[in-house]
Structure formats: structure tokens, C-alpha cells
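A short reminder: the numbers here are calculations on the coordinates, not readings from a lab. All values derive from a computational prediction rather than experimental measurement. Here the Cβ positions follow ideal geometry from the backbone for every residue, glycine too, while neighbour counts run over all protein chains shown.
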């Protein structure tokens, strides 16, 4: 009689490759906002989605689709790795199916806006230049998010030549940042309600490290170097 | 005894050069919004200013200055033309100062946003290509306005190579368009609250022609060709 064993590898296995977040790793927390260590970023922003940066024509052809947060922060089908073993055990044919349901590891950083100074000259370039280090640490996605429409964000990412290294997502109505209490009024800089400058390390939706700048003009705690030391 | 005569030339003179809006010119009106023929666009949006498109660095060096509507739509000091005549009249030295206070003639068009399709491919290029015709008709400024921040708008104008022909102004918080009831919800296109697509011919702040598209994807009445026929 054939039987099937399905294992959630991340739970069943002690493989360090599958659970690369070391138990000994320090958990960092520098937060001035409500989102906090351990927050499930998907649950904290219910019914919120982001908008993948794209050209207007791509927006039209995609029927202006949006991306739910669980697709960004949690394991999707593409993260399933099947290992199938067929073998005889005494008189039975045994089929072992091991499902490697890996943690999804995301580094996300938010910034006040496309075409502004610190964002263009320092914040994005820092992540772009360190993309190999993030990948070496097993990060699945490095994401930049801003309260911009996805077409503006796409044009800016292209100008910075950063769209191959970093995924850019718009939060055109600010609903994501509002849900996480990460908005700030930048009307004095002619920007209106925008994102604070922040970064987070998120594993399967759970915030493992969070850095929020006190002043949006600063990159003291939210830069690539800081979060690389927190992974 | 010297005396000074200051004349508001636009009122005092019958010069067609000074009053180039022909009395015979048809006044056009195609409006689906509250702003209407004869509306004083400055009074209709009290305490509202726009933000001249510029780079972030220029924004910083300008201390994030904004431009009051009366500077955009009404006669400024730069429009004063002084003609000074000194002559003897009987026994007196007479100083005649004639101030040519011309009407300020502005063509303004609003659109849903930088980096969107129709705006980039059709609406702005139409005005850019016809700029000489506008100037030949005595238009002082051709202005593009959108619910965008001035840095995004500047980058887009540069990309379209339109910033030498057209003046671009941001309405980052939408207050100008809200005051004129020219906003529309474009969340379905991932844009949020934006401007309708519209154009107006404005003389000394007074709306002389207004064209508002029923659908923001259309350029049926708000293009350069239409308003050129209305001046």
C-alpha cells in the first residue's frame, strides 16, 4: 500500500539551509512607529495591496493589477520545492513527498518619494550596490516602497538603473504606510503625505528588524549597511 | 511744476496690440465642472498656490517656495512697460509716464499625471508642437498643471523635452483642482485623486474658454488645436 508523507520542511527539518535565520542572531529594533518587532505586516495592513512599478502601457495591459501583501511577504507556490522519493519498504511501495516550504525573507525599505534628493542619491544606491550581499544572505527580495504611483516609481527606478536589483512597489494612496503608522506630512517640502524613511527585515511576514528615521532627510538607521548587519 | 500721468494702458488705450482679444472673438465654453466662463480663477481658489516644477536641489535652494495664483494669472511688475516723456509745456517741465499694464494671457491645461499614457504621448506634445502658434497669438504663458509633486513633474517635463516651451506647475495636494471642482478619482488606474483632463484660456485671471474632457483618457476638447481656435 502506498502512502504519502508530506512534511513542512521548515518545521520538520533542522537544516540550517532551510532555517537560515540563526537562533543566535540579534533581533534589532529601532522604531518610532507602531509597527514593531514581531508584527505580522500582512495582518497589520488588512485588505491592502501594493502596486508593482511598471510603465503606463504595462499598467494598462495588466488591467492595473495590484499585488496583495501576502504575495510579497509570504511563501507562494513558487517557493515550494518538491522532493519525491519512491522506494520499496518491505513489501510496500513507499512514496515520500517532502515539501520544502521555505521561509520567505524580504528586506523592504520605504522613502519619501521618487525624484527627491536623499532617496535618489543615497538610500536607493546603497541597497542597489549591496544587492549581492543581500542575496548571499538568502534574501529573496529587496523591495523599495514609496507613496507614489507605480508609473512614476518605474521611471525613477529606470533613471537610477536600480530596477534590476531592487523591486519597486508603489503605495499610491498611502494605505500601506497608514496601516503601519509610517506616514508623515511632508507638505513643507511640497510632497504632502508620504512615507517616513524606514527599513525592515521581514521573514514570512513577521517583522524581525525595523529601523525608522527620526527625520526623513536622514539615512542614519535605515540604510543598507545597517540592515545587512541585522540579517 | 512737474506732474505725472499714470495710465492703465489696457483701459486707456484702444490699441489692438494692447487689447488683442478681439471683441468679435467667439467665447467658447465646454464645461462639466463648476469653474465656468467668467470665473476669476484666482478668487475661485483663495489662498492656493502652485509649485513650479524643479529638481529637488532647486526645491531646497528655493526653500520650497510656491507661486501664488495671481503671479501666474495676473499682471505682474514684469508686465509693466514704462514710456517716459519729458517735454516743455509752456513754462512747465512735463513728465508723462505711461504705464502699459497689459492683460496677461495664459493658456493652461491640466492632466491626470506625469508618466501616464495619453498625457505623455498626446496632450503635452500637442501643446509643445504648437508653442509658436500660441506665442504668435500673444499668449504669455502656456502652462501644464497636474496633481504631482514639482520634482516628479520636472523629471517628466525633461523627459518629454517640453520644459523650454511649456511651464509646468505641480498641485501636489490637489488644492487648486479641488477648488475648481476639477478633480476625479482615478484609483482604478492606481493614481488616486487626480486632475481631470482640461484646458482653459485665461485673461487676467478670468476664464475666457474652458474645455473639460468627459473621460480623462480622451483628448477630444482639451488639446492644443481646440484652444488655439478659441483665442
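Grab the beta carbon distance between residue B:57 and residue A:188, set R0 = 22 Å, and tell me the FRET efficiency rounded to 0.05.
On the way: r = 17 Å, r/R0 = 0.76.
Working from the Cβ atoms, E equals 0.85.
Quick one: B:152, B:67, A:55, A:39, fewest Cβ neighbours within 10 Å first, how do they rank? Please report the intermediate quantities before stating the final value.
Details: B:152 28, B:67 14, A:55 17, A:39 20.
Starting with the residue having the fewest Cβ neighbours, the order is B:67, A:55, A:39, B:152.
Based on the Kirkwood radius over alpha-carbon pairs, what is the Stokes-Einstein translational diffusion coefficient of the range B:165-231 at 37 °C with 0.692 mPa s viscosity, in µm²/s?
Numbers: Rh = 13.1 Å.
Taking Rh from Cα pairs, D becomes 251 µm²/s.
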Legend entry - Convex hull of the range B:125-211 built on C-alpha atoms - directionally averaged projected area, nm²: 6.2 nm²
Inset, instruction - Provide B:179, A:195, A:61, A:141 in ascending order of the number of other Cβ atoms located within 10 Å of each residue's Cβ, fewest first. - result: A:61, A:141, B:179, A:195
Inset, instruction - Going by the rotation axis that takes chain B to chain A, pick out the residue of B with the closest C-beta and quote the gap in whole Å. - result: B:152, 3
Legend entry - As computed over the range A:158-201, the Cα convex hull volume per residue (Å³): 103 Å³
Inset, instruction - Note down the relative contact order for the range B:133-231 as a percent, whole number, built from C-alpha pairs under 8 angstrom at least six residues apart. - result: 20 percent
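Taking every residue in B:119-125, how many Cβ atoms of other protein chains lie within 10 Å of its Cβ, on average? Provide the component values of the computation, followed by the final result.
Working: counts 1, 4, 2, 0, 0, 0, 0.
Mean shielding by partner chains, rounded to a whole number: 1.
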Legend entry - Calculated FRET value between residue A:132 and residue B:141, using beta carbons and R₀ = 41 Å, to 0.05: 0.25
Inset, instruction - Mind listing the label-point distances from residue B:71 to the same position on all other copies, shortest first, one decimal in nm, points 7 Å along Cα→Cβ? - result: 4.4
Legend entry - Likely footprinting exposure, A:166, B:72, fewest C-beta neighbours within 10 Å first: A:166, B:72
Inset, instruction - Between the label point of residue A:225 and that of the same position in each other copy, find the distances and list them shortest first in nm, with every label point placed 7 Å from Cα along the Cα-to-C-beta direction. - result: 5.8
